[in-house]
1. Just one of (1) part of a helix (DSSP H, G or I); (2) more than 30 Å from residue 219 (Cβ to Cβ); (3) at pLDDT below 80 trips up residue 415, so point out which.
2. Kindly establish whether residue 55 is modelled with pLDDT under 90 and at positive phi.
3. Name the residues in the stretch 461-486 that are assigned to a helix (DSSP H, G or I) and in contact (Cβ under 8 Å) with a residue 60 or more places away in the chain, would you?
4. Would you confirm whether or not the stretch 6-24 contains a residue that is touching a helix residue (DSSP H, G or I) at 6+ places or on another chain (Cβ under 8 Å), surrounded by fewer than 21 Cβ atoms within 10 Å (Cβ to Cβ), in a helix (DSSP H, G or I) and at pLDDT 80 or above?
5. If the requirement is being assigned to a helix (DSSP H, G or I), in the same structural domain as residue 246 (by TED's automatic domain parsing), closer than 19 Å to residue 325 by Cβ and free of Cβ contacts under 8 Å to residues at least 60 places away in the same chain, which of these qualifies: 192, 182?
6. Consider the stretch 103-136. How many of its residues are closer than 27 Å to residue 288 by Cβ and over 10 Å from the mean Cα position of the chain (by Cα)?
7. Got at least one residue in the stretch 229-242 being modelled with pLDDT of 90 or more, out of contact with any strand residue (DSSP E or B) (no Cβ under 7 Å at 6 or more places or on another chain) and either surrounded by 17 or more Cβ atoms within 10 Å (Cβ to Cβ) or not assigned by TED's automatic domain parsing to the domain that holds residue 302 (or both)?
8. Regarding the stretch 170-177, can at least one residue be identified that is assigned to a loop (DSSP other than H, G, I, E, B), in the same structural domain as residue 200 (by TED's automatic domain parsing) and buried (at least 21 other Cβ atoms within 10 Å of the Cβ)?
C-alpha cells in the first residue's frame, strides 16, 4: 500500500449560550456551519461506556455491543454532519478521493465545548453507507489541539526506542506485570527481530526512575500500561504510579508531562490506562492525554476504556509496525483499528483516541543510513548523538496473506478503492495467480468506474446541469438499480427538470432525451396489486405523453371496473402550501388541504436529521385522499414516500417542509408512509402527518 496523504476537514465545535455550533474551518469545499444540540445525555453516555465494553473485567475477553455502537455513532454523525456541513463533507471527500492515495482527515476541535470531549466521536457512523468513518484510512478521525509552537518531525534512523512503564501498585486492582510485559514482547517480536524497534522496560513505575532513565538515554516513544482515573471534584486526570515501596501514587498528567517534556526526542505517548482518554467536562486539558499534548508532546494515543488482551496485542503490533513503516500517526492508528476489527472484534477498535498537534501526522523523518567511515558513530540511544547505524534501515516484515486479504475486504467495504487496490496488488506480488486478488481487482475497477460516474452525476446536479445529471444517474441505475441513493437522486433531478419545463412552457410535458428513458422505467414500475389508483406526477414524468401537464388542474384517467390499479403522484401542497417555519406551523400547513376534510387523527413524531420512520396507513373506503405533512421551525426539509407492500407508489422529495401526496383509492387497501427528516438544524425535529379525504 502506498503511503497516504491527507487534506484536512477541520471542524470546530463551539458553544454559544445554550446552543452548539459545528463550524467547518478548513476543507476542500470551503466553510460551513450548522446548529445542533448535545446528542447524548449523561445517562446515555454512561450506558454507552457500559455496553461498549461490558463489566469491569474486560481482560477476560468480553467485547461489547456493535449495534449500540452504530446507534450512538449514527446519532453523533447526524448531530453535526447535517445540512450544509454534510454537503461540505461529501463534496470535500469526493474531491480528496479524485487524487490517488489521498484521504480526508477529520480534525475535531473541541476546546470551545469541553463538555462534548467526553463523547465517543471515534464511533462516528454514516448510516447511508453503513460506515464508521474512523475505520477507514480514507477518513481518519483525530482530536486536534492547536498549540502555538508545533513540534516538527524528528529526523532519525531506526531503531525506534520504546520505553515501557507497567504500573501495578498495592491498593488498586492488581495487574500481572510479568504477563503484561510478555504480551508486549510478543506483539513486538518481529519488529525487534528486524531491528526496527528496541523495547525497554522500566524496573519500577516511579517518577524518579522514569526521570533518571530519560536523562541517561534518548527515547522516541513512551508506552504506559496501568490504571488511570478522572477526579471530577478536582477536574483533573491522574495516572496511578508507584512510590519507592510499591504503594499507589495518584500522579497528575501535568507532573508526568513536566518530565516527558524534557525528552526532546520524544514524539509519541501511548496510555493504555482505563479512563486515560476521558476528558473533563469543563477543561479540555483536564484528561491525562490532553494535558500531555499541552506539554508539547506531538501525539498522544489514549484508551477510552480498557482493552481485552487480544485487542491490545493486535493494536500494539499493527500500530507500531505502521509507525516504523513511516506512516502518519493517524494512518497508523487506522491500520491498528482495522487489525482489531478484522480479528472479529467489532467494538474495541474505537477504544483508542488520538490527540494530535502536528499538521500532517508525521512524527519521524527517517534518514538514509550513513555509510561507515572513519568517524566514530555515537552509540544509539545515548546522549551525544542520534542513532545512525551503518547498515540499511530495517523494514518491518511483510504482512501475512490473510491479513492483506482482510484489509482489502475492509477497504472495499469502506469504498476506499485506492487502498483496496494496493492490498490486492500486494497479494498478487506474492502469487500472480491468486484467485481472490484477481477477482478483487476486477471488482475494484468496476466499483471505481461506477463511483466515478456517480460523483460526476452529483457534480452535474450541484452545478444545476440537470439533463446531464439525469443521463449520468440513469446510467448508474441501469448498471446497479440499488446503488447508494441513486433512486432519490433521480427523483430530485426529475423534479428540477419539470420545474424548468413548467417555467419555460406551461402546459407542456418534457418527454425526450434522458428524462424519457427514466419515465419509461417508472411507467413499467408503477403497476401495483392493491387499490391505490393514482395521481398525476409531482414532476410530470408519469403523465402519458399525449396528455398536457397542468399543475393546477390534474387530468385523472377514467376509472372503470376493469381499470388496472396504477399509482402516480400529484403536486398538490407543494405548489400552494405556505412554509411551516412560523410558530403555528401545522395550522399554516393545513391551508394546503383546502377542499378536503380531516380523515384521521394527527400522527405526531420526533426525528433527528437523516432519520426515517414508517407510519401504517389504512384506506377502507374509495375516494380522493391527501396525505399532508409538516415539521417545526428547526426543520427545513421533510419528505414523504408511500409504499404498497414493498413497492414505492408515490413520493414527495422536494426540498420543502410541507410535503404532500394525493392518492385516488378505488378499493380498500393498506400501505406504509415513510417519513424522512431530510434536514433538521436542532435535533430532534417534530413532524406531524394527517390524512384528508374529499
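The values are calculated or read from the model by the stated rules, or taken from the named source; none is laboratory data. Quantities reported herein were computed from a predicted structural model and do not represent experimental measurements. Cβ atoms come from the backbone with ideal geometry, glycine included; neighbour counts cover every protein chain shown.
1. Failing condition for residue 415: (1).
2. Taking the combined requirement at face value, the residue satisfies it.
3. 462
4. No - not one qualifying residue is present in the stretch 6-24.
5. Details: 182 fails: closer than 19 Å to residue 325 by Cβ.
Checking each option against the conditions leaves just 192.
6. Looking only at that region, the number is 15.
7. The answer is no; no qualifying residue exists.
8. The answer is no, given that none of the residues of the stretch 170-177 is assigned to a loop (DSSP other than H, G, I, E, B), in the same structural domain as residue 200 (by TED's automatic domain parsing) and buried (at least 21 other Cβ atoms within 10 Å of the Cβ).
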